[in-house]
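These notes concern the structure reproduced below.
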Amino acid sequence: MPGSGIWLAIDGGRAAITIACPAQRTPSIAVHWPDSSQLTACFDRWTTRRTPVVSTVDGDARAFAAAVALTSAFTLATPAASFGLPETSRGVVPSFAIGLLGTRHTSRLVREVALSTVPIAARDAAHRNHISAVVPDAEYGERCAHRLLSLWSEVGAATIRDAMQTLADVDAAPDLARIRRIAVAGVEEQLRRFGDGRTDQSYLTPE
């Protein structure tokens, strides 16, 4: 986003978002804020994605950055990390972040971070199952993320997309009966794959 202090770099299948400190920004450059259609597209693309995202956080994740990190498939944070929505303290309702967080977390968490504006420390977030794990440092977190990305690459995009779709379907299921249908349909597909030799149960063998 020109002039906002936000950069996106893509290299070797990995994307990194860098958000500069306010002092690093250039106030003389006009910021071109997105319109409602762009915001809608952003929300839909993120919440309906079928590619898992790993976020590694080493420092203060605030506002939109906190929402993105906490709604990733995996969130790894160092002890120095924290997550918060400070907007309300300045008279701004963080509606976009509230909406994103509401797709993955309980109403209690969303209300807490939005209304109190007090950030949640990494260890507290892990204890309350808001993030995947606390890692010793950023380098270790990067290695963990790389292992996950390598695994998904070996498994194949189609399988990962199917797994993400199943997770999304279960999340959206209105009742237990619908979840049962999803589960049964999945087992039937597994049996078909066993029957025609597309896969086996070698995954049960200890490595």
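The values are calculated or read from the model by the stated rules, or taken from the named source; none is laboratory data. Note that this is a predicted model, so its numbers are computed, not measured. Don't worry about glycine lacking a Cβ; one is built from the backbone with ideal geometry, like all the others, and counts go over all protein chains shown.
For the reader, a short list of remarks on this structure follows.
- Some residue of region 108-115 being surrounded by 12 or more Cβ atoms within 10 Å (Cβ to Cβ) and touching a strand residue (DSSP E or B) at 6+ places or on another chain (Cβ under 7 Å): yes
- Residues located in region 107-128, provided they are free of Cβ contacts under 8 Å to residues at least 24 places away in the same chain and part of a loop (DSSP other than H, G, I, E, B): Arg128
- Members of region 68-105 found to be β-branched (Val, Ile, Thr), under 18 Å from Ala121 (Cα atoms) and under 15 Å from the mean Cα position of the chain (by Cα), listed by number: Val68, Thr71, Thr75
- Only one of Ser72, Ser36 that is out of contact with any His (no Cβ under 7 Å at 6 or more places or on another chain) and under 25 Å from Arg90 (Cα atoms): Ser36
- Exactly one residue out of Ala183, Ala177, Ala145 is touching a residue at least 24 places away in the same chain (Cβ under 8 Å) and in a helix (DSSP H, G or I), and it is Ala145.
- Against the numbered list (1) touching a helix residue (DSSP H, G or I) at 6+ places or on another chain (Cβ under 6 Å); (2) part of a helix (DSSP H, G or I); (3) not aromatic (Phe, Trp, Tyr), Ile131 comes up short only at (2).
- Residue in region 87-103 that is touching a Pro at 6+ places or on another chain (Cβ under 6 Å) and surrounded by 14 or more Cβ atoms within 10 Å (Cβ to Cβ) present: yes
- Ser36 meets each of the listed conditions (1) hydroxyl-bearing (Ser, Thr, Tyr); (2) at pLDDT below 90; (3) surrounded by 11 or more Cβ atoms within 10 Å (Cβ to Cβ) apart from (3).
- Scanning region 53-80 for residues that are among the small types (Gly, Ala, Ser) and in a loop (DSSP other than H, G, I, E, B) gives Gly59, Ala63, Ser72, Ala73, Ala80.
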